[in-house]
Amino acid sequence: MSDAPTRPRGRPARNDRPVGETREAILAAALDVFSRRGFEGASLRDIAAAAGLEHSLVRYHFTDKAGLWRAAMTHLIALMDAHMLEGWRTARTLPAVDRFAMMVTTYVRYCARHPEHARIMVHETMGDSDRVTWIAEHIIAPQHRNLSRMLETLMDQGHIPRSPVRPLIYILSAAAQAPFTLAGEVRAAYGVDTASEAEITAHTQALLGLVLR
(Lines give C-alpha, C1' and ligand atoms only; values in the text may rest on other atoms or scores of the structure.)
Protein backbone atom coordinates (compact mmCIF):
# COMPACT_ATOMS: atom_id res chain seq x y z
CA MET A 1 0.00 0.00 0.00
CA SER A 2 1.31 3.46 -0.84
CA ASP A 3 2.36 5.76 2.00
CA ALA A 4 1.94 8.88 -0.22
CA PRO A 5 -0.02 11.60 1.60
CA THR A 6 -3.44 12.56 0.24
CA ARG A 7 -5.00 16.01 0.29
CA PRO A 8 -8.17 16.48 2.33
CA ARG A 9 -11.24 16.34 0.11
CA GLY A 10 -12.12 19.76 -1.29
CA ARG A 11 -8.62 21.18 -0.75
CA PRO A 12 -6.68 22.36 -3.82
CA ALA A 13 -3.19 21.29 -4.79
CA ARG A 14 -0.28 23.31 -3.43
CA ASN A 15 0.26 26.53 -5.35
CA ASP A 16 2.92 29.14 -4.63
CA ARG A 17 1.16 31.97 -6.49
CA PRO A 18 -0.94 34.54 -4.61
CA VAL A 19 -4.68 33.91 -4.87
CA GLY A 20 -5.31 36.94 -7.08
CA GLU A 21 -2.51 35.96 -9.45
CA THR A 22 -3.81 32.39 -9.59
CA ARG A 23 -7.32 33.54 -10.53
CA GLU A 24 -5.90 35.91 -13.18
CA ALA A 25 -3.89 33.05 -14.67
CA ILE A 26 -6.96 30.80 -14.77
CA LEU A 27 -9.13 33.49 -16.36
CA ALA A 28 -6.51 34.32 -19.01
CA ALA A 29 -6.06 30.63 -19.83
CA ALA A 30 -9.84 30.13 -19.97
CA LEU A 31 -10.27 32.97 -22.46
CA ASP A 32 -7.51 31.54 -24.64
CA VAL A 33 -8.87 27.97 -24.59
CA PHE A 34 -12.52 29.01 -25.05
CA SER A 35 -11.51 31.22 -27.99
CA ARG A 36 -9.71 28.34 -29.74
CA ARG A 37 -11.97 25.41 -28.91
CA GLY A 38 -15.34 26.90 -28.00
CA PHE A 39 -17.22 26.08 -24.82
CA GLU A 40 -18.08 22.53 -25.82
CA GLY A 41 -14.58 21.71 -27.01
CA ALA A 42 -12.81 23.08 -23.93
CA SER A 43 -12.28 21.24 -20.66
CA LEU A 44 -11.18 22.36 -17.21
CA ARG A 45 -8.13 20.11 -17.61
CA ASP A 46 -7.19 21.95 -20.82
CA ILE A 47 -7.55 25.28 -19.03
CA ALA A 48 -5.54 24.10 -16.01
CA ALA A 49 -2.74 22.92 -18.33
CA ALA A 50 -2.74 26.26 -20.19
CA ALA A 51 -2.49 28.10 -16.85
CA GLY A 52 0.26 25.79 -15.59
CA LEU A 53 -1.88 24.64 -12.66
CA GLU A 54 -3.37 21.43 -11.38
CA HIS A 55 -6.93 20.62 -12.38
CA SER A 56 -8.03 20.56 -8.73
CA LEU A 57 -6.98 24.18 -8.30
CA VAL A 58 -9.19 25.35 -11.16
CA ARG A 59 -12.14 23.45 -9.68
CA TYR A 60 -11.42 24.93 -6.24
CA HIS A 61 -11.72 28.49 -7.58
CA PHE A 62 -14.52 28.07 -10.15
CA THR A 63 -16.33 24.77 -9.44
CA ASP A 64 -17.46 24.01 -13.01
CA LYS A 65 -16.93 25.01 -16.63
CA ALA A 66 -20.09 27.11 -16.89
CA GLY A 67 -19.11 29.17 -13.85
CA LEU A 68 -15.60 29.66 -15.19
CA TRP A 69 -16.97 30.73 -18.59
CA ARG A 70 -19.12 33.43 -16.98
CA ALA A 71 -16.26 34.58 -14.77
CA ALA A 72 -13.89 34.73 -17.76
CA MET A 73 -16.36 36.73 -19.84
CA THR A 74 -17.04 39.11 -16.94
CA HIS A 75 -13.27 39.57 -16.66
CA LEU A 76 -13.07 40.28 -20.39
CA ILE A 77 -15.85 42.89 -20.15
CA ALA A 78 -13.92 44.61 -17.35
CA LEU A 79 -10.78 44.66 -19.51
CA MET A 80 -12.76 46.12 -22.43
CA ASP A 81 -14.44 48.77 -20.27
CA ALA A 82 -11.10 49.82 -18.77
CA HIS A 83 -9.51 50.01 -22.21
CA MET A 84 -12.38 51.98 -23.76
CA LEU A 85 -12.50 54.36 -20.79
CA GLU A 86 -9.02 55.63 -21.66
CA GLY A 87 -10.23 56.89 -25.03
CA TRP A 88 -13.53 58.19 -23.65
CA ARG A 89 -11.79 60.35 -21.04
CA THR A 90 -9.69 61.94 -23.77
CA ALA A 91 -12.62 62.58 -26.13
CA ARG A 92 -15.62 63.30 -23.87
CA THR A 93 -15.53 67.09 -24.42
CA LEU A 94 -14.88 66.87 -28.18
CA PRO A 95 -17.49 67.15 -30.97
CA ALA A 96 -19.42 63.97 -31.76
CA VAL A 97 -17.40 63.16 -34.90
CA ASP A 98 -14.14 63.37 -32.95
CA ARG A 99 -15.56 61.24 -30.14
CA PHE A 100 -16.56 58.65 -32.71
CA ALA A 101 -13.09 58.66 -34.29
CA MET A 102 -11.52 58.20 -30.85
CA MET A 103 -13.97 55.41 -30.01
CA VAL A 104 -13.16 53.54 -33.24
CA THR A 105 -9.43 54.04 -32.70
CA THR A 106 -9.63 52.72 -29.15
CA TYR A 107 -11.86 49.78 -30.10
CA VAL A 108 -9.62 48.67 -32.96
CA ARG A 109 -6.67 48.69 -30.56
CA TYR A 110 -8.67 46.64 -28.06
CA CYS A 111 -9.53 44.11 -30.80
CA ALA A 112 -5.83 43.85 -31.64
CA ARG A 113 -4.89 43.23 -28.01
CA HIS A 114 -7.74 40.82 -27.30
CA PRO A 115 -8.60 38.81 -30.46
CA GLU A 116 -10.00 36.12 -28.14
CA HIS A 117 -13.04 38.36 -27.58
CA ALA A 118 -14.35 38.16 -31.15
CA ARG A 119 -13.33 34.50 -31.48
CA ILE A 120 -15.37 33.54 -28.41
CA MET A 121 -18.33 35.55 -29.68
CA VAL A 122 -18.21 33.74 -33.03
CA HIS A 123 -18.03 30.33 -31.35
CA GLU A 124 -20.97 31.07 -29.07
CA THR A 125 -23.35 33.08 -31.19
CA MET A 126 -23.46 30.62 -34.08
CA GLY A 127 -25.73 28.54 -31.83
CA ASP A 128 -28.50 29.17 -29.35
CA SER A 129 -27.78 28.66 -25.66
CA ASP A 130 -28.02 30.34 -22.29
CA ARG A 131 -24.52 31.68 -22.97
CA VAL A 132 -25.80 33.56 -26.04
CA THR A 133 -28.53 35.07 -23.87
CA TRP A 134 -25.89 36.09 -21.31
CA ILE A 135 -23.76 37.70 -24.04
CA ALA A 136 -26.75 39.60 -25.43
CA GLU A 137 -27.73 40.91 -22.00
CA HIS A 138 -24.30 41.77 -20.60
CA ILE A 139 -22.32 42.81 -23.68
CA ILE A 140 -24.41 43.46 -26.79
CA ALA A 141 -27.38 45.37 -25.36
CA PRO A 142 -25.43 48.02 -23.37
CA GLN A 143 -22.83 48.52 -26.09
CA HIS A 144 -25.37 48.84 -28.88
CA ARG A 145 -27.54 51.31 -26.92
CA ASN A 146 -24.60 53.68 -26.50
CA LEU A 147 -23.36 53.29 -30.05
CA SER A 148 -26.86 53.73 -31.51
CA ARG A 149 -27.15 57.17 -29.91
CA MET A 150 -23.75 58.23 -31.25
CA LEU A 151 -24.51 57.02 -34.78
CA GLU A 152 -27.89 58.78 -34.83
CA THR A 153 -26.14 62.01 -33.83
CA LEU A 154 -23.53 61.58 -36.57
CA MET A 155 -26.27 60.96 -39.14
CA ASP A 156 -28.16 64.05 -37.99
CA GLN A 157 -24.97 66.11 -38.35
CA GLY A 158 -24.21 64.67 -41.80
CA HIS A 159 -20.93 62.96 -40.86
CA ILE A 160 -22.12 59.51 -41.97
CA PRO A 161 -24.79 58.52 -44.51
CA ARG A 162 -28.31 57.89 -43.22
CA SER A 163 -28.81 54.13 -42.86
CA PRO A 164 -30.46 51.60 -40.51
CA VAL A 165 -28.49 51.64 -37.25
CA ARG A 166 -28.48 47.94 -36.33
CA PRO A 167 -26.88 46.69 -39.58
CA LEU A 168 -24.38 49.55 -39.40
CA ILE A 169 -23.31 48.54 -35.87
CA TYR A 170 -22.65 44.98 -37.00
CA ILE A 171 -20.74 46.16 -40.05
CA LEU A 172 -18.54 48.44 -37.92
CA SER A 173 -17.93 45.76 -35.29
CA ALA A 174 -17.04 43.09 -37.83
CA ALA A 175 -14.75 45.44 -39.73
CA ALA A 176 -12.93 46.51 -36.57
CA GLN A 177 -12.37 42.91 -35.46
CA ALA A 178 -11.68 41.09 -38.74
CA PRO A 179 -7.89 41.30 -39.28
CA PHE A 180 -7.16 40.43 -35.65
CA THR A 181 -9.70 37.62 -35.42
CA LEU A 182 -8.25 36.23 -38.68
CA ALA A 183 -4.62 37.00 -37.82
CA GLY A 184 -3.40 33.61 -39.04
CA GLU A 185 -5.04 34.08 -42.42
CA VAL A 186 -3.61 37.57 -42.85
CA ARG A 187 -0.14 36.38 -41.84
CA ALA A 188 -0.26 33.49 -44.31
CA ALA A 189 -1.68 35.57 -47.17
CA TYR A 190 0.23 38.83 -46.71
CA GLY A 191 3.13 38.03 -44.39
CA VAL A 192 2.21 40.73 -41.88
CA ASP A 193 1.58 40.76 -38.16
CA THR A 194 -1.80 42.41 -37.56
CA ALA A 195 -0.84 43.13 -33.93
CA SER A 196 1.97 45.47 -35.02
CA GLU A 197 1.57 49.18 -34.44
CA ALA A 198 1.75 49.95 -38.16
CA GLU A 199 -1.04 47.48 -39.00
CA ILE A 200 -3.29 48.70 -36.17
CA THR A 201 -2.87 52.31 -37.33
CA ALA A 202 -3.45 51.43 -41.00
CA HIS A 203 -6.59 49.46 -40.19
CA THR A 204 -7.99 52.27 -38.04
CA GLN A 205 -7.41 54.85 -40.77
CA ALA A 206 -8.98 52.62 -43.43
CA LEU A 207 -12.08 52.00 -41.32
CA LEU A 208 -12.60 55.67 -40.47
CA GLY A 209 -12.02 56.60 -44.13
CA LEU A 210 -14.80 54.26 -45.23
CA VAL A 211 -17.35 55.48 -42.69
CA LEU A 212 -16.90 59.21 -42.25
CA ARG A 213 -17.72 61.78 -44.92
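The values are calculated or read from the model by the stated rules, or taken from the named source; none is laboratory data. In this text the structure is predicted, and so the values were computed from the model without any measurement. Cβ atoms come from the backbone with ideal geometry, glycine included; neighbour counts cover every protein chain shown.
Observations on the structure shown:
- Residues of the range 128-162 satisfying the condition of being under 19 Å from residue 80 (Cα atoms) and either outside any helix (DSSP H, G or I) or out of contact with any helix residue (DSSP H, G or I) (no Cβ under 8 Å at 6 or more places or on another chain) (or both): 136, 137, 140, 141, 142, 143, 145, 146
- Filtered by the rule that a residue be crowded, with 16+ Cβ neighbours inside 10 Å, under 17 Å from residue 21 (Cβ atoms) and either without any contact (Cβ under 8 Å) to a residue 24 or more places away in the chain or of a type outside the set (Val, Ile, Thr) (or both), the range 50-66 gives 50, 51, 53, 54, 57, 60, 61, 62.
- Verdict on residue 82 being outside the structural domain of residue 117 (by TED's automatic domain parsing), surrounded by 14 or more Cβ atoms within 10 Å (Cβ to Cβ) and within 25 Å of residue 134 (Cβ to Cβ): no
- When residue 103 is tested against (1) touching a Ser or Thr at 6+ places or on another chain (Cβ under 7 Å); (2) aliphatic (A, V, I, L, M); (3) under 15 Å from residue 177 (Cα atoms), exactly one condition is not met: (1).
- Here residue 22 clears all of (1) among the β-branched types (Val, Ile, Thr); (2) surrounded by 15 or more Cβ atoms within 10 Å (Cβ to Cβ); (3) not in a helix (DSSP H, G or I) except the condition numbered (3).
- Test: residue 47 is out of contact with any Leu (no Cβ under 9 Å at 6 or more places or on another chain), at pLDDT 90 or above and either aliphatic (A, V, I, L, M) or within 19 Å of residue 23 (Cβ to Cβ) (or both): no
- Inter-residue pairs, beta-carbon under 7 Å, first closer than 17 Å to residue 32 by Cα and in the range 120-132, second assigned to a helix (DSSP H, G or I) and of a type in the set (Gly, Ala, Ser), 6+ apart: 120/35; 123/38
- Matching residues, the range 163-213, being within 20 Å of the chain's Cα centre (by Cα), without any contact (Cβ under 8 Å) to a residue 24 or more places away in the chain and assigned to a loop (DSSP other than H, G, I, E, B): 182, 193, 196
- Residue in the range 95-111 that is closer than 16 Å to residue 35 by Cβ and crowded, with 19+ Cβ neighbours inside 10 Å present: yes
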